[in-house]
Amino acid sequence: MGRLQSDHDHLPRALTAARELVALLEELGRHGCTVMDLVRRGQPREPWRLYPDDHGIFDRRTHAQFYYHAHDDGRDEDGHFHTVRLFPDHTVHLVAISMAPDGWPRALFTVNYWATGDTWEPVERVKAYARRFRLGEHCGPLPLVRFINLVFRVFQPEIARLQDEKMACLGASRAADPSRDPGQDRSLEILSRVEIDVRQRAGAPPAPGALR
């Protein structure tokens, strides 16, 4: 009953946050800007380079961090934000936010431990880190920080479900070959993924020319 009540209570807050996110991205678009422009801070787009720098943007109080980068493997995206929970001696990757070239988020996904040098933690603890993930608005460009915070508010159920699917993928790999550590298997990079549509979540009309 408690879980059902929690999910029910999340819905109106998530709808409000989705509408705030749509308004934020549309306002940036009217100024010819994207959150990728903000995080790159005028620097050229280079594959594998971390933006805004190797330290990303982080909040010492909440131990939340994010950074942006792109691959050079032809993925159908501009790049993606990685979100991380920081600890003195290790990090826990929470979720990556895949960005379309137009500056709107298109998918969420998780990655294997080897990809980010992460330490394993119980899935319920990772979900708790995701529920509490937030950066203070003083930590970076306000629209950029608000964007990251709002994605977590809007898509919290999806982020939690991705953690379960990540563990299921690793478990299946371990069962198939007990001699290998699935967390270090370089053939396993993206472990769970879900497409997202901010406008649809907010009940807003699709962008002009967008496919339904």
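The values are calculated or read from the model by the stated rules, or taken from the named source; none is laboratory data. Bear in mind that the values here come from a model prediction, so they are computed numbers and not experimental data. Neighbour counts are summed over all protein chains in view; Cβ atoms, including those assigned to glycine, are modelled from backbone coordinates with ideal geometry. In case anyone asks, the SASA skips ligands and DNA or RNA and just uses the protein heavy atoms, side chains included. Shrake-Rupley method; radii C 1.70, N 1.55, O 1.52, S 1.80 Å.
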query = So how far apart, in nm, are the two label points at residue 15 and residue 102 if each is 7 Å from Cα heading toward Cβ?
reply = 2.4 nm
task = Under 10 Å from the Cβ of residue 114, count the other residues' Cβ atoms, weight Lys and Arg +1, Asp and Glu -1, and hand me the total.
result = -3
note = Here the tail fraction of P(r) beyond 26 Å, over all Cα-Cα pairs of the chain, rounds in percent to 35 percent
message = As an exercise, identify the trypsin sites (Lys or Arg not before Pro) in the range 47-148 lying in DSSP coil whose Cβ has no more than 12 other Cβ atoms within 10 Å.
response = 60, 61, 75
ask   = Plugging the Kirkwood radius over Cα pairs into Stokes-Einstein for the range 32-155, at a temperature of 25 °C and a viscosity of 0.890 mPa s, what D comes out in µm²/s?
value = 166 µm²/s
task = Enter the accessible area per residue of the range 70-113 (Å², integer; probe 1.4 Å; all protein chains in place).
result = 32 Å²
key: Local electrostatic count, residue 204, Cβ distance below 12 Å [Lys/Arg +1, Asp/Glu -1]   = 0
query = With Cβ to Cβ distances under 14 Å as the rule, what net charge do the other residues near residue 90 carry (K, R +1; D, E -1)?
reply = -1
request  = With the full set of protein chains in place, find how many percent of the accessible area of the range 119-212 is carbon and sulfur; take the probe as 1.4 Å.
outcome  = 53 percent
ask   = For the chain, with only Lys/Arg (+1) and Asp/Glu (-1) charged at the beta-carbon, what is the dipole magnitude about the Cα centre, in debye rounded to 20?
value = 620 debye
request  = Amide H neighbours of residue 111 under 5 Å, at least 5 residues apart or on other chains, H built in the peptide plane: list them.
outcome  = 191
message = Relative contact order for the chain: what percent, with Cα pairs under 8 Å and sequence separation of 6 or more?
response = 22 percent
task = Please work out the average accessible area per residue across the range 128-179, using the 1.4 Å probe convention, and give it in Å².
result = 46 Å²
